[in-house]
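The values are calculated or read from the model by the stated rules, or taken from the named source; none is laboratory data. Only a predicted model underlies this, so the values are computations on that prediction, with no experimental measurement involved. Here Cβ is always computed from backbone atoms with ideal geometry, including for glycine, and neighbour counts include all displayed protein chains. Heavy atoms of the whole protein, side chains included, go into the accessibility calculation; ligands, DNA and RNA do not. Shrake-Rupley method; radii C 1.70, N 1.55, O 1.52, S 1.80 Å.
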Amino acid sequence: MLVSEKTSLTEEIELLVQKYGNDRSSLLKILQDVQKNHRYISEFAQQEIARLLKIHPVEVYSVVSFYAFLNSKPKGRNIVRICRTITCDMKNKEAIAKAVERELGIKMGETTKDKKFTIEYANCLGLCDEGPAMAINERVYTKLTPEKAVEYLNSVK
Amino acid sequence: MENKKHTRKGDIIFSDYTPGDGIKKAVTLSREDILFEIKDSKLKGRGGAGFPVSTKWMLAAAAISDEKYIVCNADEGEPGTFKDRVLLYEYPELVFDGMVIAGYTIGAKKGIVYLRGEYEHALKPLEDYLQKMRDENLLGKSILGIRNFNFDIEIFVGSSAYVCGEETALIESLEGNRGEARNRPPYPVNTGFKKKPTSVNNVETLCCIPHIVLNGGNWFKKFGTGESTGTKIFSISGDCEKPDVYELPWGTTLKELLEISGAQNTKAVQIGGASGQCVPKAQFNRKLAYEDLPTGGSIIVFNESRNMLKVLKNFMEFFVEESCGQCTPCRIGNRKLLEGVNMIEKGEYTFTYLNKLKELGKTMQVASKCGLGQSSPNSFISILENFNDEIFSYNNGGTHA
């Protein structure tokens, strides 16, 4: 990480701490915003959050490593999550996953070389009445076919 | 996602309601009167555990503290349930009016909705709705012009962890920690969010409150059975023509549920999601009620073409991933049960070992720290027992359930 990147990240985190307060209960909100802006929470970011909340960096890491939507390793700009839980599984989520894998030339859990997409499985997205379902970042797409899933993927910049 | 509010019909939650009416009625009553009506209604928690709401609220109301909290549990993570998503999108007036009435009754000034990370798409419409309530003086300071009646609601978005649906894990998460269940006692009604008295209630439970306040506990009891009063919102999915949410009185049989949802050639029904039990055809006359088949509302239908071992594998993979790892029975137990499923799949098992795994499942039911590990062996035990003929003559087939 460049020094200038570090400075701007520190400034960003300082603003978040100002916005949410420096209480421990602000930790998840701060982490979620950093995750949203950078698609991961770097070790440096975790240390800075810890410093500003006056807690040990390992406390921050323990939280980042616990939640499925928080990552400490870099990911693509867009995170694609395909629901793998029972109802979507019965509606052949496998075909959706295969189509997405073929189209992007990567396997589930991987990131494209241009860092545009990370694809992964998610546990129940709560869209069982409209499966198979997937989410691209915060948006959800339902009643998918392999072709439609790829179409949605291509509509993302 | 389609908004089907105008087509929905039901006796309680899906009946007509003018936003704000529940709050307007509540403020004409004393806190004791409201608690009495809720006690009279025998309303039980709709998240799955079925704890009496009046007991929880009475304890929270009686707790002496300058700060109390109402938390709406919208961490709907159980496979096969999506009713809370529908309620939050289509009936936010019931959820939030219910929370305001709860705040009035137990003396809390703040409400928090714990919205699961997967439902972040609902955040904007919910926040817009809250703002509308503030504009109409149904939320915020001096609600309806009543001095000292201050109550506001904040929405907290989770970051995806199934275990946070357990109320003490949810509170840990709100406090900025890993979502690990606490030892109980103390219970949240005494020592909850930030160590203050906190009532955690499911979305659907809160939706019942405005109707009980308006119509009384006695009216509510007219629906359902003696022990299971009122109605339940069922999320039906899987092999049926009309997967959707349905409001039906407690006591409805599985058979009726299958007819309503247009299910055909049904072999089995999973009641209560992955953590529930799998009921075979021979028992479709059983009733959905706390006294027979209790459920948080997740109903997954399997037709004759489904492979129950693959279904079980999907469930066990879910639990291995979602166990928080805090206590040993759950962390190791779920792995062992999944290994057992894989052994059956490969044909490398002995019945002696499988019986040991069922024993292990029973140990997990009593020795796990929270509801996750206490209920995760349910499907393993019920599927192996109810579908043994199919499973042990199983030939390795397709790739999905």
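General observations
- Note, ³J(HN,Hα) from phi for the range B:357-373, Karplus 6.51, -1.76, 1.60, rounded to Hz, x at Gly and Pro: 5, 5, 4, 4, x, 5, 5, 4, 4, 9, 9, 6, 6, 10, x, 4, x
- Each of A:Thr112, A:Leu31, A:Phe69 was scored by the projection of its Cα onto the charge dipole of chain A, and the greatest displacement toward the positive side belongs to A:Thr112; charges sit on the C-beta of Lys, Arg, Asp and Glu.
- Distance between the modelled labels on B:Asn342 and B:Glu385, one decimal in nanometres: 2.7 nm (7 Å Cα→Cβ projection).
- For B:Ser298, the amide hydrogen comes within under 5 Å of the amide hydrogens of B:Ser235, B:Gly272, B:Gly273, counting only partners 5 or more places away or on other chains and with H modelled in the peptide plane.
- Gyration tensor (alpha-carbon) shape descriptor, the range B:21-220, a/c threshold 1.5: rounded
- Shielding score for A:137-148, defined as the mean number of other chain Cβ atoms within 10 Å: 2
- Working note: Karplus 6.51/-1.76/1.60 with θ = phi - 60° gives the range B:26-32 the couplings 4, 6, 8, 9, 7, 4, 5 Hz, where Gly and Pro are set to x.
- The range B:21-220, dipole about Cα centre (Lys/Arg Cβ +1, Asp/Glu Cβ -1), debye to the nearest 20: 600 debye
- Over chain A, dividing the summed -39,500 (n - 2.57) contributions of all DSSP H runs of at least 4 residues by the number of residues returns a 222 nm mean residue ellipticity of -15000 deg cm²/dmol.
- Inter-label distance, nm, simple model (7 Å from Cα along the C-beta direction), A:Lys107/A:His56: 3.7 nm
- Euclidean distance of C-alpha centroids, the range A:69-91 and the range B:1-78, integer Å: 33 Å
- Amide H contacts of B:Lys267: B:Phe302, B:Asn303, B:Glu304, each under 5 Å away and 5 or more positions distant or on a separate chain (H built 1.01 Å from N in the peptide plane; Pro and chain starts excluded).
- GNM on chain B, alpha-carbon springs under 10 angstrom: the most fluctuating residue among B:Gly276, B:Gly176, B:Gly217 is B:Gly176.
- Cysteines without a disulfide-compatible partner [the protein assembly as shown; Cβ-Cβ under 4.7 Å]: A:Cys124, A:Cys128, B:Cys72, B:Cys164, B:Cys207, B:Cys208, B:Cys240, B:Cys278, B:Cys324, B:Cys327, B:Cys330, B:Cys370
- Accessible area buried between chains B and A, both sides summed, probe 1.4 Å, in Å² to nearest 100: 3500 Å²
- Charges were assigned to the Cβ only: +1 to each Lys and Arg, -1 to each Asp and Glu. The resulting dipole of chain B about its Cα centre is roughly 760 debye.
- Fluctuation leader among A:Val80, A:Val58, A:Val34 - chain A, Gaussian network, Cα springs under 10 angstrom: A:Val58
- Here the range B:21-220 carries DSSP beta bridges of which approximately 10% are antiparallel, counting only pairs with both residues inside.
- Compactness of the range B:231-303 - radius of gyration and Dmax, Cα, Å: 10.5, 29
- Values of log10 I(q)/I(0), in the order q = 0.18 Å⁻¹, for chain A under a Debye, Cα-only, solvent-free model: -1.01
- Just checking the listed ones, B:Asn378, B:Asn183, B:Asn137: in the Gaussian network model of chain B with Cα springs under 10 Å, the one fluctuating most is B:Asn183.
- Spin-label pair A:Lys143/A:Lys73, simplified geometry with 7 Å Cα→Cβ offset, distance in nm: 3.7 nm
- The mean number of partner chain beta-carbon atoms within 10 angstrom of a residue's beta-carbon across peptide B:304-310 is 1.
- Peptide B:314-327 is shielded by partner chain Cβ atoms: per residue, an average of 2 of them sit within 10 Å of its Cβ.
- Note that the protein assembly as shown carries a Kirkwood radius of 24.4 Å, evaluated over its alpha carbons pair by pair.
- Calculated [θ] (222 nm, deg cm²/dmol) that DSSP helices of n ≥ 4 give over chain B, each run adding -39,500 (n - 2.57): -12500 deg cm²/dmol
- Solvent exposure, largest accessible area first (probe 1.4 Å, DNA, RNA and ligands not counted), of B:Met343, A:Met134: B:Met343, A:Met134
- Packing around the peptides A:99-108, A:38-47, A:115-124, taken as the average count of other Cβ atoms within 10 Å per residue, puts them in this order, highest first: A:115-124, A:38-47, A:99-108.
- Built amide H within the under 5 Å cut-off of B:Phe223, gap 5+: B:Gly230
- Alpha-carbon gyration tensor eigenvalues x 5, square-rooted, for the range A:3-66, Å: 15, 13, 11
- Residues B:Thr352 and B:Phe36, FRET efficiency given R0 of 56 Å [Cβ-Cβ distance, rounded to 0.05]: 0.50
- For the range B:179-243, applying the loop criterion from DSSP together with a ceiling of 13 other beta carbons within 10 Å to the GluC sites (Glu not before Pro) yields B:Glu241.
- With 10 Å bins from 0: P(r) over chain B, alpha-carbon pairs, percent: 5, 23, 31, 25, 12, 4, 1, 0
- Tensor-based shape of the range B:53-141 (alpha-carbon gyration tensor, a/c under 1.5 rounded, otherwise prolate or oblate): oblate
- Cα-Cα separations in the range A:78-156 greater than 17 Å, expressed as whole percent: 34 percent
- For chain B, share of DSSP beta bridges that run antiparallel, in % to the nearest 5: 50 percent
- Dipole of the protein assembly as shown [Lys/Arg +1, Asp/Glu -1 at C-beta], most positive-end residue of B:Gln365, A:Ala149, B:Leu43: B:Gln365
- Whole-Hz ³J(HN,Hα) from phi, Karplus 6.51 cos²θ - 1.76 cosθ + 1.60, for the range B:213-224, glycine and proline x: 4, 6, 10, x, x, 5, 4, 4, 5, 5, 9, x
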